[in-house]
Amino acid sequence: MEWTEYWNRLLSEYKLIDIVAELDAYECEVLKQEPQTERICSEIYRLYENKVKELSVVKQSCMNFMDQKIEGIHLSSGRVKEKSSLLCKVISKRSENIMAFDSKYYGINAFNYDNIITDLIGIRFIINYRGNWLMIHKQLLKEFPLLAKKLYDKNELLEHCLGERFQAEWPTVYYARGDSIQEYIKEGLKVKLKKTGYRGIHYILSFENTYIELQVRTIYDEAWSDCDHNYVYKREYHPSYGALRQMSQMLNALTNISCNMNDIMKEIYDSKGMYRDGKGNGWVISQEQIKNIDFVLDRLQDISRQFTDFRAELVDKQEDLEG
């Protein structure tokens, strides 16, 4: 496809026309220079096809390494960033940092983008239950160690020359409102609240002189994330966006409840901590587990109220037309 046709389609499909127009106007009127965004994107566009081949080799090499070194993964997958996704990110990052002249994102170009955008390769580890995270985390730090803390305090992203394999950024846990995060803080991870409900542990690895983003999350968080990404994420232009977003938040609560139940069931199984009292009066269980089950019940009642409120807002289309 010819560049001009591709560019116009990209801006239209991803609703970027106004953003690029604002960037162009700022550079022309304020900076007194020719617009740079299309030129930068076209250069990356021409070079990225060959880069994808290199990245695909590195991705497979890293996944093979992980398969040999990391145990306890339910499922792993990897991808190389698509060209359209990369160019959208370049545009959005330039827009966000248009007045930050010292920002690495404002100065992004075809010769440095692969050392600025750290998720050109993405690998995902899916784990069965949330309690597995610490075992995975310790294995990752053994194979991709943290360097001196002062390096991360001074630099958001470490350069490849500092080692063969290491953590290029300090690991970060993204959590949702109401989640317990003390165990992550205890292990020294950064914690960031995501209002969308997204949950996951993110690592930026330096491997074979390439940055790789590794995400670790549960099968429940993965299921919600996939649904949200398909129907809500960056879909503000969709006429049903508000309703879909609300439904996604309810689905997020349900998947998190499922994750809580998985954790409870594993703890009961491992400890053999629930059994009949012999008199037919019910199940004998610890007070702590009763609290955990009550917590799940409270959350179920809360999401039931949310569903009821959402249902109350629905108006039958046919009744609306007839009215």
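The values are calculated or read from the model by the stated rules, or taken from the named source; none is laboratory data. Note that this is a predicted model, so its numbers are computed, not measured. With ideal geometry, Cβ positions are generated from the backbone for all residues, glycine too; neighbour counts draw on all protein chains shown. Heavy atoms of the whole protein, side chains included, go into the accessibility calculation; ligands, DNA and RNA do not. Shrake-Rupley method; radii C 1.70, N 1.55, O 1.52, S 1.80 Å.
Which of the listed residues, Cys88, Val191, Gln33, is farthest toward the dipole's positive end in the chain, when Lys, Arg count +1 and Asp, Glu count -1 at the beta-carbon?
Positive-most Cα among the choices belongs to Val191.
Please work out the Cα convex hull volume for the stretch 3-53 and give it in Å³ per residue.
Dividing the Cα hull volume of the stretch 3-53 by its residue count gives 79 Å³.
Taking Rh as the Kirkwood radius computed over C-alpha pairs, what is the Stokes-Einstein D of the stretch 1-134 at 37 °C in a medium of viscosity 0.692 mPa s, expressed in µm² per second? Provide the component values of the computation, followed by the final result.
Working: Rh = 16.9 Å.
For the chosen part, D equals 194 µm²/s.
Taking the 0 to 90 degree range and rounding to the nearest ten, how far is the long axis of helix 219-231 tilted relative to the main principal axis of the chain, both from C-alpha atoms?
That works out to roughly 50 degrees.
On a C-alpha basis, how far is the centre of the stretch 128-195 from the centre of the stretch 48-104 in Å? Whole number, if you could?
If we compute the Cα centre of each part, the gap is 18 Å.
Suppose R0 equals 25 Å. What FRET efficiency, 1/(1 + (r/R0)^6) with r the Cβ-Cβ distance, do Ser180 and Tyr231 give to the nearest 0.05?
In this case the efficiency is close to 0.30.
If you plug each phi of the stretch 105-111 into the Karplus form 6.51 cos²θ - 1.76 cosθ + 1.60 with θ = phi - 60°, what whole-Hz ³J(HN,Hα) values come out, in order, with x for Gly and Pro?
6, 5, x, 5, 8, 5, 9
What do you get for Rg/Rh of the stretch 97-148 when both radii come from the Cα atoms and Rh is the Kirkwood radius?
Looking at the stretch 97-148, the ratio lands at 1.17.
Could you work out the helix-only [θ] at 222 nm for the chain, with each DSSP H run of four or more residues adding -39,500 (n - 2.57) and the total divided by the number of residues, to the nearest 500 deg cm²/dmol?
On the way: 11 runs with 169 residues, N = 323.
That comes out to -17000 deg cm²/dmol.
If you stretched the chain out fully between Ile293 and Leu47, how much longer would it get, using 0.36 nm times the residue separation minus the C-alpha to C-alpha distance?
So the extension gain works out to 83.1 nm.
Please determine, in degrees from 0 to 90 and to the nearest 10, the orientation of helix 241-271 with respect to the longest principal axis defined by the Cα atoms of the chain, where the helix direction is its Cα long axis.
Orientation of helix 241-271: about 50 degrees from the principal axis.
Considering just Cα atoms, how many Å³ per residue does the convex hull of the stretch 174-323 enclose?
Numbers: hull volume 26.3 nm³, N = 150.
For the stretch 174-323, the hull spanned by Cα atoms encloses 175 Å³ per residue.
Would you mind putting 17-28, 254-265, 152-163 in packing order, based on average other-beta-carbon counts within 10 Å, highest first?
Values: 17-28: 14.6, 254-265: 17.8, 152-163: 12.8.
Result, highest mean Cβ count within 10 Å first: 254-265, 17-28, 152-163.
Can you give the charge dipole size of the stretch 56-100 about its Cα centre, rounded to the nearest 20 debye, using +1 on the beta carbon of Lys and Arg and -1 on the beta carbon of Asp and Glu?
Roughly 260 debye for the stretch 56-100.
About the Cα centre of the stretch 38-196, how large is the charge dipole given +1 on each Lys and Arg Cβ and -1 on each Asp and Glu Cβ? Please answer in debye to the nearest 20.
With only Lys, Arg, Asp and Glu charged at Cβ, the dipole is about 340 debye.
Dividing the Cα radius of gyration by the Kirkwood radius, what Rg/Rh value follows for the stretch 159-242?
So for the stretch 159-242, dividing Rg by the Kirkwood Rh gives 1.06.
With +1 on each Lys and Arg Cβ and -1 on each Asp and Glu Cβ, how big is the dipole of the chain about its Cα centre, in debye rounded to the nearest 20?
1040
Lys/Arg Cβ at +1, Asp/Glu Cβ at -1, dipole of the chain taken about the Cα centre: which of Trp133, Asn112, Ser240 is farthest positive-ward?
Value: Trp133.
I need to check one value: relative contact order of the stretch 1-105, counting alpha carbon pairs closer than 8 Å and at least 6 residues apart, in percent.
Dividing the mean separation by the residue count of the stretch 1-105 yields 29 percent.
Round to the nearest 10 and give me the degree value, 0 to 90, for the angle of helix 133-143's Cα axis relative to the longest principal axis of the chain.
The answer is roughly 40 degrees.
What fraction of the DSSP beta bridges in the stretch 99-206 is antiparallel, stated in percent and rounded to the nearest 5?
Restricted to the stretch 99-206, the bridges split so that about 55 percent are antiparallel.
Would you work out which of Ser304, Leu16, Ile219 lies farthest towards the positive end of the dipole of the chain? Charges go on Cβ: Lys and Arg +1, Asp and Glu -1.
So the residue we want is Ile219.
Indicate, rounded to the nearest 5 percent, the antiparallel portion of the DSSP beta bridges found entirely in the chain.
Restricted to the chain, the bridges split so that about 65 percent are antiparallel.
When ligands, DNA and RNA are left out and all protein chains stay put, how many square angstrom of accessible area per residue does the stretch 143-235 have with a 1.4 Å probe?
About 53 Å² of surface per residue is accessible.
Taking Cα pairs under 8 Å and at least six residues apart, what relative contact order does the chain come out at, in percent? Walk me through the numbers on the way to the answer.
Numbers: 374 pairs, mean separation 40.3, N = 323.
Dividing the mean separation by the residue count of the chain yields 12 percent.
Which three semi-axes in whole Å describe the equivalent ellipsoid of the chain, each the square root of 5 times a Cα gyration tensor eigenvalue, listed largest first?
41, 30, 17
Need one number: nm distance between label points at Tyr275 and Gln306, each 7 Å from Cα along Cα→Cβ, rounded to one decimal.
Going by the 7 Å Cα→Cβ label model, 3.8 nm.
Once the Cα atoms of the stretch 47-90 are picked out, what are the Rg and Dmax in Å?
Spelled out, the Cα radius of gyration and Dmax of the stretch 47-90 are 13.1, 38 Å.
Return, for the Cα atoms of the stretch 235-323, the radius of gyration and Dmax in Å, separated by a comma.
When restricted to Cα atoms, the stretch 235-323 yields Rg and Dmax of 19.8, 62 Å.
If the viscosity is 1.567 mPa s and the temperature 4 °C, what translational diffusion coefficient in µm²/s does Stokes-Einstein give for the stretch 59-141 when Rh comes from Kirkwood over Cα pairs?
Value of D from the Cα-based Kirkwood radius: 86 µm²/s.
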